[in-house]
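Take a look at the structure below.
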Amino acid sequence: MTFQFTEQHRDEYFSAGLTTLRGIIPPSLLSALRRETDKARAIARERAGPQSQRLQPVYRYEELNHRHFRDFLELAGMQATVEGILGAGHETSDNMGVLLEPAEQAWCTNWHRDVAHHIPGLDNEWFFQTAANLQTFNQFNAALYDDHS
């Protein structure tokens, strides 16, 4: 079954701050992304140690096949979702990263926004003005594996 964006996705995003796009990644692309993420994990651990949890941006590393990451961004369902939620003309970033599990000791971060109004030194007027703009503070996370923990 091919993924279809619906108004429910938009409603969930605006009410809960997130929506789930089930089945959006075709199996062949999912396999390719898993292979590239395995390489990214090795690179991250080599550079930052076994507890490294991110490699970003993926486009900085020639060892990775960037085409698979770009294919993910170009999925018709992804494009329809971005346009359906954020509007036409939204641009992608070259800052894509992969989040990784630590090798030695697992830990997690509670749901959060990367930028929040309570950060010391942040201009609150700027923050609330910027946060009202749908073109800012958005990210898409794609789980490449089921989590059975």
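When only DSSP loop residues count, what chymotrypsin sites (Phe, Trp or Tyr not before Pro) in the stretch 47-128 have their Cβ near at most 14 other Cβ atoms within 10 Å? In loop regions of the stretch 47-128 (DSSP not H, G, I, E or B), the sparsely surrounded chymotrypsin sites (Phe, Trp or Tyr not before Pro) are Trp107, Trp111. Potential lengthening of the chain between Phe127 and Asp146 amounts to 3.4 nm, from the contour at 0.36 nm per residue minus the alpha-carbon distance. Computed from the Cβ-Cβ distance with R0 of 25 Å, the FRET efficiency linking Ser31 to Thr92 stands at 0.65. Summing charges over neighbours of Ala103, with a neighbour being any other residue whose Cβ is under 14 Å away from its Cβ, gives 0 when K and R count +1 and D and E count -1. Dividing the summed -39500 (n - 2.57) terms of all DSSP H runs of n ≥ 4 by the residue count of the chain sets its mean residue ellipticity at 222 nm at -12000 deg cm²/dmol. Value of Rg to Rh for the stretch 1-50, rounded to two decimals, is 1.20; Kirkwood radius and Rg both from alpha-carbon coordinates.
Shown for Ser93, Ser31: other C-beta atoms within 10 Å of each C-beta, ranked fewest to most, produce the order Ser93, Ser31. Given the stretch 7-104, what whole percent of its Cα pairs are spread farther than 20 Å? Roughly 48 percent, rounded to a whole number. In plain terms, the chain from Asp11 to Asn65 could stretch by 16.0 nm, reckoned as 0.36 nm per residue minus the Cα-Cα distance.
Laboratory data are not the source of any read-out in this text; all were calculated from the coordinates shown. All values reported here derive from a predicted model rather than from experimental measurement. In this analysis, Cβ positions are derived from the backbone assuming ideal geometry, glycine residues included, and neighbour counts consider all displayed protein chains.
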